[in-house]
Structures are given as C-alpha cells and as structure tokens.
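So the structure is just underneath, and the comments pick up after that.
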Amino acid sequence: MLAIAGGKGGSGKTTTTLGLARSIDAPTLAVDADSDLPNLHRLAGVPRDPPTGTCGHPDPDARGTETRILPARSHEPDGVGERLRRLHDAEDADDTPSVLVDCPAGAGPDATVPLRIADAVLVVSTPCIAALRDAAKTAAMARAVGTPLIGGVLTRARLAPTGVDDLLGCPVLETIPRAADGNAATPLSDPSVRRAYDNLADALRERPKG
C-alpha cells in the first residue's frame, strides 16, 4: 500500500494517485481516503457512491491494465483506518491489486492514519515555497509514524528547485508538467502529463525494495 500524501489541498495528490494508478503495469486499486473533500471519483469519472465490497468501480479510462477506483465513504462506521487495514491485508493475498491511497491534506488525525497504515509514502507538492514547506511537514509526519518515504513528486513543474530533496528528506522521483490550457480541467488527458506519470511508475518499479 502506497500513500500519496501532501500538506496542502490542490497540490496534485488526487491527480498523482489516478495518473500513477493508470501507469502501473499491473492491476491497481486507487482509494480515496478523504471523506470530507472527496474528489478522486470526479477526476476518474465514476459514481460518487462506493460499490458493495472493496473492489471499486472500473476506471473508464484505464490504459491496458485493470485500474479500479474506490471512492471515500461519506460515513465510515469503523473509521477510515479500519477500512484501509482491511485493504492492506487483502493486498498481501495472491492476485490482488496494488493499493494507492489518495490521502487527506493537512496534519490532523485523518491525514496521519493512512501514513501509519501504508507500507510507504510518496510526497506530492507544487514547486511554490509554502507548498514545499507543508510537504516537508507531511514527510516528517511519515517518519514520525515509522513509514518510509519512497520519494517525492513535484506537480506543475518542469524542474525541481535546488534543495528540494534535502527539504523533503527524500529524492524527487519525477516532475509533472502543467497541462496545456485546453487540458487544464482534465490534466490526465494531456500527453506530456501522462508520459510523466509513466516515468514515475518506472522510477518506482526500479527502486530497491525494503
């Protein structure tokens, strides 16, 4: 289970969750863990209500491999943590998809729970100073709960500013360019954005385990 996290809303976490899920060459389940401000379903173009069970809605724009989308529940009787733990346990079974979690923004308990449950954290930020500082706080939260940082992603950027690796405490694995004006509302329809997420999937696959 990989948590896609960042300090500020609008940093590109949801786009990165879905873009990476579509680029991974294996069955993947993208999960929205933000019950207050869910938007993964909207970006993916699937119903707001989660289906029965934990398999998720089929992604209508999956490219070659099976991607499924699991929207956030408006009410979690056992809490989002218990839901993610069940998904994490199922992920360990054979023939189940990899799980990517679109985490809530901020530094509250709702943002901390997915970091604690995940096997690794991918930190997402735009290149502005305020967003990077908040992303560094998210990285510190992940370290505080003992979950390794696998890397960082900068969205709406062509190059990573000097010193970002040191600020986040992990390498920037990919920069995701700003979508062309005609694709601003649907960034994953932009070929350059899709290629960047393909590169990110390759970078994650090539990183050593453990």
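The values are calculated or read from the model by the stated rules, or taken from the named source; none is laboratory data. Note that the structure is predicted; figures quoted are calculated from it, not measured. FYI the Cβ positions are ideal-geometry reconstructions off the backbone, even for glycines, and counts take in every protein chain you see. Ligands, DNA and RNA are stripped out before the accessible areas are found, and what is left, the full protein with its side chains, is counted by its heavy atoms. Shrake-Rupley method; radii C 1.70, N 1.55, O 1.52, S 1.80 Å.
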Exercise. What fraction, in whole percent, of alpha-carbon pairs in segment 33-175 exceed 22 Å separation?
Worked result: 45 percent
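State the percentage of accessible surface on the chain attributable to carbon and sulfur atoms; use a 1.4 Å probe and exclude ligands, DNA and RNA. List each step's numbers first, then the result.
Details: 5010 of 9890 Å².
Reported share for carbon and sulfur atoms: 51 percent.
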Seminar exercise, completed: Under a 1.4 Å probe, counting only protein heavy atoms, T112 has an accessible area in Å², nearest 10, of 30 Å²
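Per residue, how much accessible surface does the chain expose to a 1.4 Å probe? Answer in Å², no decimals. Walk me through the numbers before you get to the answer.
Values: 9890 Å² over 210 residues.
That works out to 47 Å² for each residue.
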Problem set entry | Area of T17 that stays accessible when all protein chains are in place (1.4 Å probe, Å², to 10) | 0 Å²
Problem set entry | Inter-label distance for N199 and T162, nm, one decimal - labels placed 7 Å from Cα along Cα-to-Cβ | 2.1 nm
